[in-house]
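Note sheet for the following structure.
Here, each number is a calculation from the coordinates, and none is a lab measurement. A quick note: this is a predicted structure, and the numbers were derived from the prediction, not measured. A quick note on method: Cβ atoms are made from the backbone with ideal geometry, for glycine too, and the neighbour counts reach across all protein chains shown.
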Amino acid sequence: MSFDAKRHDSYPDDLIHGILKSVKSIALVGFSNNEARPSYFVTKYLIERGYTLYPINPALAGQVFFGAKVYASLTDIPAPIDMVDIFRNSEAAGPITDEALALNPLPKVLWMQLSVRNDEAAAKAEAKGLTVIMNRCPKIEFGRFSGEIGWSGVNTGLLSSKRPLLGTKSWQKRTL
């Protein structure tokens, strides 16, 4: 099948949901130890949801955050990974994709964060059998599917400052 860039303009919910349910290990390329950076709190969030995270940042290699050791590159990770999450710019996604495609075994998913899109890298990854997601955030998608995003009234039509009570029908679970 040839690469179809238009197919990456939006994704079916069942595809995103299926990815989030099936992957267990994620290499997050572009991790930052700055608490104000999205890669910091996405890493923390995904670890809290049960994923095994491998933060990637050469300047922080060897340090530990949220119980996860930081690695300098994808090739330094000592275990197979299911998904590579790219938290770098669109241009950097090309070389990162090349590094991911050199792994053995290959990851199942190549995920590019919000505002990150590289059609050439996506075409390479798809040609090798990877599922590619671009311009999306797994944290946001997890929250959407688990119902957590509804806790703050987002996209529900109802805003409330009261958190649902445990044991009531309105309680939201933090799982897919």
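Oblate is the label for the range 60-107, because a/c, from the alpha-carbon gyration tensor with a ≥ b ≥ c as root eigenvalues, is 1.5 or above and a/b does not exceed b/c.
GluC sites (Glu not before Pro) within the range 39-115: which are DSSP loop residues with at most 16 other Cβ atoms inside 10 Å? Of the GluC sites (Glu not before Pro), the ones in loops of the range 39-115 whose Cβ has at most 16 other Cβ atoms within 10 Å are 91. Taking 21 Å as the limit for the C-alpha separation, the pairs 24/108; 108/139; 21/108; 24/139; 6/128; 44/124 exceed it in the case of 44/124. As a calculated quantity, the FRET efficiency between residue 61 and residue 117 at R0 = 35 Å, using C-beta atoms, amounts to about 0.80. Each 10 Å bin from zero up to the one holding the largest Cα-Cα distance in the range 5-152 carries the following percent of pairs: 11, 46, 36, 7, 0.
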